[in-house]
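Enquirer: Okay, handing you the structure first.
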Amino acid sequence: MDGEPLVRWYWIGDHLGYLWGLLADHAVISLVPVLIGLLLALPLGLLCTRFPRLYQPLAATFNVVYALPSLAVFVVLIPYTGLATQATVMIPLTCYALAVLLPTTVDGLRAVPDPVRQAATAMGYGPWRRLTAVELPSAVPYVVAGLRVAAVSSISLASVGALIGRGGLGYLFIDGFQRTFPTPIVAGIVLVALLALVTDGVLLLARRVLAPWAGRETAVRR
Amino acid sequence: MNWLSWISDFFSSPDRRSGPDSIANRIGEHLAISGEALFYAALLAVPLGLLIGYSGRGAGLVTALSGTARALPTLGLVTLAVLLVGVGDTAVLIPLVALAAPVLLVAACEGVRGTDPDLRDAARGIGLTHRQVLWQVCVPAALPALLAGLRTATVQVIATATVAAYVGLGGLGRYVIDGLATRDFPLTVGGALLVVLLAVAAQLLFAALSRFALPAGLRKQRR
């Protein structure tokens, strides 16, 4: 690519609508799995705190799941869910999100100090009210920390889906590579990173609203 | 589904036994590129992480950096690197190092920072220099965190090195990508299975390492 500049701005100007469409597709295939993961992680996490014996095997399983290469899982799913469909990309991403979110949810639910829980019971809170008014709010900083990791990884992983025909912005990498034209690749990297940054910002804001007492950082073991 | 027949097709093909497309050769290529990437990432990140963790300066920056690095799409970095430096190991090493280095940096930094402050004070108190405290107290105490970081980084690198095949390099990704391109399902599924097995093997290896490679004093604390 002698003499080819890293970015040809006119190409970006000419393809704004196209880029927007890919960005929207990318946001859906990467973030909907994180939401589903969260919806699954909450009840599973609750089960694990109620029945602690469940947690070790579940955590070990998801540890292995997290190690599975995304491309390999996409490929293995193709015969069931089809080439280039949203499901083929979204099912593995949901599993990755769940693998991150389950431990953080359990950590969060366990982090409620026993005296606090007992105080709630003493004040006459039933199990349901104690859960919604005490335990879940206390878990918010942990869950949000997990969501940040899960969302950012999901956004970056979704682009690999381009290799099986459904990767949102990842398509730009294939396109640019096949034409030896770096502009789409650079645009893709920047847009993926921007989407991740914006998502991260939204999650931080959500934490500030939902858990204003939380400190600046709640670490995640990943 | 005829999964088992695909897998047996894959493993019974004569191409899998010898020649450039043999399983042994592809695994060798895969491990070589992954190992090289991990080596450079560790060379860059571990000393820096230890120093930052020990001095405590710039630790916030490390956390922020690791979050941003996670957002970089590997496929984008690989394709861009190929266009910039040409097809070759360097083009794949750049994104893999970019993937592994932040993980190791955070692990080293957090490991040292997590050392019991009383231990550090005691070590200083009996007259150890800063260098000695770092090497003899903080580094052994950071070992579990470092090993955990190395495990995460290794698994991610092994999984991601699959993508290298897209730009024409070797490794197990060759099977996956070639199979996709020619609609040869046994090839793709067999390759995917081998990558999964390799990643799981790496996990097990590190689980064993973290059990046996720790200093006796740390093992007793069950930390």
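The values are calculated or read from the model by the stated rules, or taken from the named source; none is laboratory data. The structure presented is a predicted model; accordingly, all values stated were derived computationally and were not measured. Glycine also receives a Cβ, built like all others from the backbone with ideal geometry; neighbour counts cover every protein chain displayed.
Every residue, every condition in (1) of a type in the set (A, V, I, L, M); (2) surrounded by fewer than 16 Cβ atoms within 10 Å (Cβ to Cβ), yes or no:
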{"residue": "A:VAL116", "(1), (2)": "yes, yes"}
{"residue": "A:ALA122", "(1), (2)": "yes, yes"}
{"residue": "A:PRO127", "(1), (2)": "no, yes"}
{"residue": "A:TYR142", "(1), (2)": "no, no"}
{"residue": "A:ALA151", "(1), (2)": "yes, no"}
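Enquirer: In segment B:136-154, is there at least one residue being buried (at least 21 other Cβ atoms within 10 Å of the Cβ), touching a residue at least 12 places away in the same chain (Cβ under 8 Å) and in contact with a Pro (Cβ under 8 Å, 6 or more places away or on another chain)?
Expert: Checking segment B:136-154: not a single residue is buried (at least 21 other Cβ atoms within 10 Å of the Cβ), touching a residue at least 12 places away in the same chain (Cβ under 8 Å) and in contact with a Pro (Cβ under 8 Å, 6 or more places away or on another chain).
Enquirer: Can you pull out the residues in segment A:1-50 that are surrounded by 17 or more Cβ atoms within 10 Å (Cβ to Cβ) and either of a type in the set (D, E, K, R) or without any contact (Cβ under 8 Å) to a residue 24 or more places away in the chain (or both)?
Expert: A:ASP25 - this is the single residue of segment A:1-50 that is surrounded by 17 or more Cβ atoms within 10 Å (Cβ to Cβ) and either of a type in the set (D, E, K, R) or without any contact (Cβ under 8 Å) to a residue 24 or more places away in the chain (or both).
Enquirer: Would it be correct to say that A:TYR55 is hydroxyl-bearing (Ser, Thr, Tyr), more than 30 Å from B:ARG151 (Cα to Cα) and either part of a helix (DSSP H, G or I) or out of contact with any helix residue (DSSP H, G or I) (no Cβ under 7 Å at 6 or more places or on another chain) (or both)? Talk me through it step by step, then tell me what you get.
Expert: Numbers: hydroxyl-bearing (Ser, Thr, Tyr): yes; more than 30 Å from B:ARG151 (Cα to Cα): no; either part of a helix (DSSP H, G or I) or out of contact with any helix residue (DSSP H, G or I) (no Cβ under 7 Å at 6 or more places or on another chain) (or both): yes.
Against the criterion (hydroxyl-bearing (Ser, Thr, Tyr), more than 30 Å from B:ARG151 (Cα to Cα) and either part of a helix (DSSP H, G or I) or out of contact with any helix residue (DSSP H, G or I) (no Cβ under 7 Å at 6 or more places or on another chain) (or both)), A:TYR55 does not qualify.
Enquirer: Okay, next question. Looking for something more than 9 Å from every other protein chain (Cβ to nearest Cβ), over 14 Å from the mean Cα position of the chain (by Cα) and either assigned to a helix (DSSP H, G or I) or of a type in the set (A, V, I, L, M) (or both) - is there at least one such residue anywhere in segment A:164-177?
Expert: yes
Enquirer: Still on this structure, I have one more. Quickly run through segment A:124-151 and pick out the residues that are over 30 Å from B:LEU65 (Cα atoms) and either within 14 Å of another protein chain (Cβ to nearest Cβ) or of a type in the set (Gly, Ala, Ser) (or both).
Expert: Selection gives A:GLY124, A:GLY126, A:ALA133.
Enquirer: A:GLY146: crowded, with 20+ Cβ neighbours inside 10 Å, in a helix (DSSP H, G or I), over 24 Å from the mean Cα position of the chain (by Cα) and at pLDDT 90 or above, yes or no? Outline the logic, then answer.
Expert: Working: crowded, with 20+ Cβ neighbours inside 10 Å: yes; in a helix (DSSP H, G or I): yes; over 24 Å from the mean Cα position of the chain (by Cα): no; at pLDDT 90 or above: yes.
No, not satisfied.
Enquirer: Can you pull out the residues in segment B:153-208 that are closer than 19 Å to A:ALA60 by Cα and either among the polar types (S, T, N, Q) or touching a strand residue (DSSP E or B) at 6+ places or on another chain (Cβ under 7 Å) (or both)?
Expert: Matches in segment B:153-208: B:THR154, B:GLN156, B:GLN203.
Enquirer: Let me ask something else. Check B:THR74, B:THR129 and return the single one that is surrounded by fewer than 21 Cβ atoms within 10 Å (Cβ to Cβ), out of contact with any Asp or Glu (no Cβ under 9 Å at 6 or more places or on another chain) and of a type in the set (Val, Ile, Thr).
Expert: Details: B:THR74 fails: surrounded by fewer than 21 Cβ atoms within 10 Å (Cβ to Cβ).
Sole residue among the options that is surrounded by fewer than 21 Cβ atoms within 10 Å (Cβ to Cβ), out of contact with any Asp or Glu (no Cβ under 9 Å at 6 or more places or on another chain) and of a type in the set (Val, Ile, Thr): B:THR129.
Enquirer: On to the next question. Would a scan of segment B:94-117 turn up a residue that is more than 30 Å from B:LEU205 (Cβ to Cβ), touching a helix residue (DSSP H, G or I) at 6+ places or on another chain (Cβ under 6 Å) and exposed (fewer than 14 other Cβ atoms within 10 Å of the Cβ)? Before you say what the answer is, go through the steps one by one.
Expert: If we filter segment B:94-117 for residues that are more than 30 Å from B:LEU205 (Cβ to Cβ), which is where we start, we get B:117.
From what is left, the residues that are touching a helix residue (DSSP H, G or I) at 6+ places or on another chain (Cβ under 6 Å) are none.
No, segment B:94-117 has no match at all.
Enquirer: If I go through segment A:119-129 residue by residue, how many of them are assigned to a helix (DSSP H, G or I) and either closer than 29 Å to A:VAL34 by Cβ or among the aromatic types (Phe, Trp, Tyr) (or both)? Quick ask: steps written out before the conclusion?
Expert: To start, the set of residues in segment A:119-129 that are assigned to a helix (DSSP H, G or I) comprises A:119-122, A:127-129.
Next, only the ones that are either closer than 29 Å to A:VAL34 by Cβ or among the aromatic types (Phe, Trp, Tyr) (or both) stay: A:127-129.
Within segment A:119-129, residues that are assigned to a helix (DSSP H, G or I) and either closer than 29 Å to A:VAL34 by Cβ or among the aromatic types (Phe, Trp, Tyr) (or both) number 3.
Enquirer: A follow-up question, please. Please enumerate the residues belonging to segment A:48-75 that are at pLDDT below 80 and either touching a Ser or Thr at 6+ places or on another chain (Cβ under 8 Å) or closer than 21 Å to B:VAL163 by Cα (or both). Explain how you work it out, then say what you get.
Expert: Let us first name the residues in segment A:48-75 that are at pLDDT below 80, namely A:63-64, A:66-69, A:72.
Scanning segment A:48-75 gives A:VAL64, A:TYR66, A:ALA67, A:LEU68, A:PRO69, A:ALA72.
Enquirer: May I pose another question? Checking the condition aliphatic (A, V, I, L, M), touching a Gly at 6+ places or on another chain (Cβ under 9 Å) and within 14 Å of another protein chain (Cβ to nearest Cβ), which residue from A:VAL28, A:VAL34, A:VAL65, A:VAL75 passes? Let's see the steps before the verdict.
Expert: On the way: A:VAL28 fails: within 14 Å of another protein chain (Cβ to nearest Cβ); A:VAL34 fails: touching a Gly at 6+ places or on another chain (Cβ under 9 Å); A:VAL65 fails: touching a Gly at 6+ places or on another chain (Cβ under 9 Å).
From the options A:VAL28, A:VAL34, A:VAL65, A:VAL75, the qualifying one is A:VAL75.
Enquirer: Only one residue in A:VAL73, A:VAL100, A:VAL106, A:VAL116 is over 25 Å from A:SER138 (Cβ atoms) and assigned to a helix (DSSP H, G or I). Which one?
Expert: Values: A:VAL100 fails: over 25 Å from A:SER138 (Cβ atoms); A:VAL106 fails: over 25 Å from A:SER138 (Cβ atoms); A:VAL116 fails: over 25 Å from A:SER138 (Cβ atoms).
Result of the check over A:VAL73, A:VAL100, A:VAL106, A:VAL116: A:VAL73.
Enquirer: Also: Restrict the check to segment A:195-204 and report whether at least one residue is at the interface with chain B (Cβ under 9 Å from one of its Cβ atoms) and farther than 30 Å from A:ILE78 by Cβ.
Expert: yes
Enquirer: Scan segment B:114-158 for residues that are on the phi > 0 side of the Ramachandran plot and touching a Gly at 6+ places or on another chain (Cβ under 6 Å) and jot them down. Steps first, please.
Expert: Step one: filter segment B:114-158 for residues on the phi > 0 side of the Ramachandran plot, giving B:127.
Of everything in segment B:114-158, nothing turns out to be on the phi > 0 side of the Ramachandran plot and touching a Gly at 6+ places or on another chain (Cβ under 6 Å).
Enquirer: Now for a separate question. Return the pair list, or none, for Cβ contacts closer than 7 Å from residues in segment A:127-153 that are without any contact (Cβ under 8 Å) to a residue 24 or more places away in the chain to residues that are of a type in the set (A, V, I, L, M, F, W, C), at least 6 apart or on different chains.
Expert: A:ARG130/A:ALA120; A:VAL134/A:VAL112; A:VAL134/A:VAL116; A:VAL134/A:ALA120
Enquirer: So how many residues does segment A:142-166 have that are of a type in the set (Lys, Arg) and farther than 13 Å from A:PRO92 by Cβ?
Expert: Kept after step one, since they are of a type in the set (Lys, Arg), are these residues of segment A:142-166: A:148, A:166.
Right, trim to farther than 13 Å from A:PRO92 by Cβ and you get A:148.
The number of residues fulfilling the criteria is 1.
Enquirer: Let me ask you something else. Which one of these does B:VAL85 not meet: (1) within 23 Å of B:ALA32 (Cα to Cα); (2) buried (at least 21 other Cβ atoms within 10 Å of the Cβ)?
Expert: (2)
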